[in-house]
Amino acid sequence: MIEFVIGSSLAAAAGLNAWIPLFLLGLAARLLPAVALLAGWTWLSSDLALWVIGILLVLEIVADKIPALDSLNDIVHSVVRPAAGGIAFGAGASARTVAVDDPGTFFSTHTWIPIAAGILIALAVHVVKATGRVAANTATAGMAAPALSTAEDVASFVLAATAIVVPIVAGALLLGLILAVVALVRRRARRRRAASAGD
């Protein structure tokens, strides 16, 4: 169960920013003795992977804060974020972490299941993020992009870091994120119905 919470939280974080959870997971495996990736995922903590992911992380952070470029960035990342979510879920759910001393064998023997789950979770989060960003950019002429992007980066970092170190907190944060999105969607639907009734 805790492995599922770790993987889901990392995948959701990848839906907000593709590279933050992968970078944190690789760095944690490199620097924290309590974190160890399963053999098939150890490449995430290699020098080359950390450098490449780090550079891509900086590029995404910058591009996502520039109005108009952020929408193009979201289009490109419609493939990248789900792929990163699959990797993050697969690597995170099968890893030994601060909270998980002996990960279960289910995710390590059925590797396609966590990858598929991670892809779906990251894709769902990405779709909500990208849709919300288009609406915010339209309403504010792109002026909201830097603030929204910064909030998404912070949320991705907190979700990924807590998934690795204190997954119970990450699970609570993920549940809170889901409830906030549901409330936002319902409020939007009510506004649309009210606007339609007023016409």
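The values are calculated or read from the model by the stated rules, or taken from the named source; none is laboratory data. Small disclaimer: the values here were computed from a predicted structure and weren't measured. Note that we place each Cβ from the backbone using ideal geometry, even for glycine, and neighbour counts take in every protein chain shown.
The table below lists the values:
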{"read-out": "Unmet requirement for Ile66, which otherwise passes all of (1) under 22 Å from Pro146 (Cβ atoms); (2) in a helix (DSSP H, G or I); (3) modelled with pLDDT under 90", "value": "(2)"}
{"read-out": "From the options Ser71, Ser78, residue that is in contact (Cβ under 8 Å) with a residue 60 or more places away in the chain, within 23 Å of His126 (Cβ to Cβ), part of a helix (DSSP H, G or I) and of a type in the set (S, T, N, Q)", "value": "Ser71"}
{"read-out": "The lone exception for Lys129 - which of (1) basic (Lys, Arg); (2) surrounded by fewer than 17 Cβ atoms within 10 Å (Cβ to Cβ); (3) at pLDDT 80 or above it fails", "value": "(2)"}
{"read-out": "Filter result for Ser149 (of a type in the set (Ser, Thr, Tyr), surrounded by 10 or more Cβ atoms within 10 Å (Cβ to Cβ) and more than 12 Å from the chain's Cα centre (by Cα))", "value": "yes"}
{"read-out": "Matching option when the condition is without any contact (Cβ under 8 Å) to a residue 40 or more places away in the chain, under 22 Å from Ile87 (Cα atoms) and in a helix (DSSP H, G or I), among Ile164, Ile168, Ile178", "value": "Ile178"}
{"read-out": "Candidate set from the range 40-87 (those that are among the aromatic types (Phe, Trp, Tyr) and surrounded by fewer than 16 Cβ atoms within 10 Å (Cβ to Cβ)); member that is farthest from Gly142 (Cα to Cα)", "value": "Trp43"}
